[in-house]
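To start, the structure under review is shown below, and the notes come after it.
Coordinate-derived values only; no laboratory data. All of these numbers come straight from a predicted model, not from anything done at the bench. For neighbour counting, all protein chains shown are included, and Cβ atoms are generated from backbone atoms with ideal geometry for every residue, glycine included.
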Amino acid sequence: MARGTLVERVEQLELTVQGLDTLPAEVAALGERVGSVETQISQLRGEMRMEFSAVRQEMHDLRHEMREGFISITTELGQQIVETASQSRMMFEEALSSNAIIAERLAGLLESRTSRTPRRKR
């Protein structure tokens, strides 16, 4: 079954056991590394939670500022539209009044010319 002499087999067994002697220290070191990684992951999660919370707050603040800005712009624009409409109406009424005055003067001129100029006979 087993190959080699008893001495060879014992030597091989001793080599295997020597290799296993360092195993508990390696496992302990690995445990420390895992614990360190767990701590780092926990810290990272905390930092990310705080940063995401800060980003959400900044986005909320920005939305609020934008909403206020839009309301302000909309109000101002509405006032300007009303003012422009009022000015346009006044200008339109002034143009109608000017046209009426011009029409009256033209009518007066035409009447004065027709009353001064004798009609030609045909």
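Table for the structure above
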| read-out | value |
| --- | --- |
| Using a Förster distance of 22 Å, the FRET efficiency for L23-Q43 (Cβ separation, nearest 0.05) | 0.10 |
| C-alpha long axis of helix 23-116 to longest principal axis of the chain, angle in ° | 10 degrees |
| Residue-averaged 222 nm ellipticity for the chain, from DSSP H runs of 4+ at -39500 (n - 2.57), nearest 500 | -34000 deg cm²/dmol |
| C-alpha long axis of helix 6-21 to longest principal axis of the chain, angle in ° | 40 degrees |
| Cα pair distances of the chain binned at 10 Å [whole percent] | 9, 11, 9, 9, 9, 8, 7, 7, 6, 6, 5, 4, 4, 3, 2, 1, 0 |
| Cβ-Cβ FRET estimate between V34 and L13, R0 fixed at 35 Å, reported to 0.05 | 0.65 |
| Cα centroid separation, segment 38-54 to segment 69-104 (Å) | 60 Å |
